[in-house]
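Remarks on the structure that follows.
The values are calculated or read from the model by the stated rules, or taken from the named source; none is laboratory data. All values derive from a computational prediction rather than experimental measurement. Virtual Cβ from ideal backbone geometry, glycine too; neighbours counted across all protein chains shown.
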Amino acid sequence: MSAILITGARAPIALDLARSFLAAGHTPHLADSITNWTARLSPRFRACTHRLAPPRFAFQDFALGLASLVARLDPRLIVPTCEEVFYVAEAAVRFGFADRVFAPPPDTLRMLHSKVAFAAFARGLGLAAPETARVTSRDELAPWRAHAREIVLKPEYSRFASHARIRPDARSFGAVSPLPQEPWAVQAFAPGEEVCVWSACRAGEVIAFAAYRPLWRLGRSASFYFETDRDPALLDMARAIAAATGATGQLSYDVIRAPDGRLAPIECNPRGVSGLHLFDAAPRLARAFLGEAPLQTPSAEARHLAPAMWLLGAPHALANGRWRDFNRDRKRSRDVLDVPGEPWLALGALLDAARFTAIGLSRGRSASGQSTDDIEWNGEPIA
């Protein structure tokens, strides 16, 4: 059996990937820069979890620790799942194991993560990405005030729709202060339905794909209910981008589907997202990652994260007269944390969420913002 190293163990999708590789006959190891209770409370993976330094704040220690772990485990594949992907890719180049990393090289990652550069790249492929401009000062932003109701403002490097201002009013517009070291993107507002896309690629070929509608979520942050969307045009879009980059890795997109069916990719996240849950940790997914299987698509129609459904979805449903919708969606889906032989996963997820929430409150950040604090990358040099 081959060793497989999966980083970003804090993400529930990391455990799904680990189960997939285990079912395919490999030995998965999980690594992260925090103590992850969801992974530690899994009897399957408790003994093969590893701690690394926080890459955003101690990159040299992170890189040395990762290189040492790679030398010890000799993994066939290294799969980043969260925003540590930028630091894993950089460390791999510096320490000579880039050929094992299931991620694009650093320059490609930078282009894909930039809201501005990715939009220009997608438009160059003939895709209907919205016009997007970079602003680095209030003076550069000022001319857009007259068009505020036609645009979206967001930091060029951001995640979970954090700080996004959609068709901002005067007060919201005035609160934006771009800086040269903290640029913002000004993007034309694209009306329509939001769809999320996850794809895994090898040398520019899509080898696994899932599109889903984020039906239940808190505001515009990450969803906790995922319904499969089988629009073939979404796969065509993912294939066009993958082929143009020639990338190996996970490429995820936020897409707006207009009423006429046209697709507008509004941003790219070059990492894993919740679409992975729709594969139910099947071994065929691991084989696709290893180049041993043809294109894989989900068999599941919908999945959810039960703790978030009850803690976030239920109050929202009660407050907005959607209790019938809540019960219907919950009953026709399956909880991704309800795994035979792993009875404590939900408790682990609650412990992890409580920690991020508590630390975030103490620092004036959201729980989702705190969950990436030590691994996120916002365009700065990695030293």
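Points to keep in mind about this one:
- Restricting attention to segment 170-215 and to residues that are in the same structural domain as residue 313 (by TED's automatic domain parsing) and among the hydroxyl-bearing types (Ser, Thr, Tyr), the residue that is farthest from the chain's Cα centre (by Cα) turns out to be 212.
- For segment 53-75, a residue qualifies if it is assigned to a helix (DSSP H, G or I) and either of a type in the set (Phe, Trp, Tyr) or outside the structural domain of residue 96 (by TED's automatic domain parsing) (or both), and the qualifying residues are 59, 62.
- Enumerated strands (runs of 3 or more DSSP E) restricted to segment 77-180, each holding at least 1 residues that are touching an Asp or Glu at 6+ places or on another chain (Cβ under 9 Å): 132-135, 151-155
- Looking across 91, 98, one residue alone is over 27 Å from residue 222 (Cβ atoms) and crowded, with 17+ Cβ neighbours inside 10 Å. It is 98.
- Test result for residue 86, outside the structural domain of residue 266 (by TED's automatic domain parsing), surrounded by fewer than 17 Cβ atoms within 10 Å (Cβ to Cβ), in contact with a helix residue (DSSP H, G or I) (Cβ under 7 Å, 6 or more places away or on another chain) and farther than 30 Å from residue 334 by Cα: no
- Restricted to segment 279-331, the set of helices (runs of 4 or more DSSP H) holding at least 1 residues that are within 26 Å of residue 20 (Cβ to Cβ) comprises 283-289, 323-331.
- Conditions (1) closer than 25 Å to residue 368 by Cα; (2) in contact with a Leu (Cβ under 8 Å, 6 or more places away or on another chain); (3) at pLDDT 95 or above; number of the one not met by residue 189: (2)
- Restricting 274, 252 to those that are modelled with pLDDT under 95, within 25 Å of residue 110 (Cβ to Cβ) and not aromatic (Phe, Trp, Tyr) reduces the list to 274.
- Search result, residues across segment 21-48 that are buried (at least 17 other Cβ atoms within 10 Å of the Cβ), closer than 14 Å to residue 78 by Cα and not hydrophobic (A, V, I, L, M, F, W, C): 26, 28, 29, 32
- When segment 155-180 is filtered for residues that are in contact (Cβ under 8 Å) with a residue 40 or more places away in the chain and crowded, with 16+ Cβ neighbours inside 10 Å, the ones remaining, listed by number, are 155, 156, 157, 158, 159, 160, 161, 162, 164, 178.
- Considering the conditions (1) in the same structural domain as residue 52 (by TED's automatic domain parsing); (2) more than 28 Å from residue 112 (Cα to Cα), residue 360 is excluded by exactly one of them, (2).
Every residue, every condition in (1) touching a residue at least 40 places away in the same chain (Cβ under 8 Å); (2) of a type in the set (Asp, Glu); (3) farther than 16 Å from residue 278 by Cα; (4) assigned by TED's automatic domain parsing to the domain that holds residue 21, yes or no:
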position: 294; (1), (2), (3), (4): yes, no, yes, no
position: 297; (1), (2), (3), (4): yes, no, no, no
position: 300; (1), (2), (3), (4): yes, no, no, no
position: 306; (1), (2), (3), (4): yes, no, no, no
position: 323; (1), (2), (3), (4): no, no, yes, no
position: 327; (1), (2), (3), (4): no, no, yes, no
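- Residue list for segment 188-216, restricted to those being more than 30 Å from residue 287 (Cβ to Cβ), out of contact with any helix residue (DSSP H, G or I) (no Cβ under 7 Å at 6 or more places or on another chain) and crowded, with 17+ Cβ neighbours inside 10 Å: 190
- Pair list, Cβ under 8 Å, 6 or more apart: segment 131-145 residue closer than 11 Å to residue 180 by Cα, other residue assigned to a helix (DSSP H, G or I): 134/116; 135/141; 135/144
- Residues of segment 252-294 classified as among the aliphatic types (A, V, I, L, M), touching a Pro at 6+ places or on another chain (Cβ under 6 Å) and farther than 20 Å from residue 152 by Cβ, total: 1
- Every residue from segment 326-363 that is surrounded by fewer than 16 Cβ atoms within 10 Å (Cβ to Cβ) and under 30 Å from residue 63 (Cβ atoms): 358, 359, 362, 363
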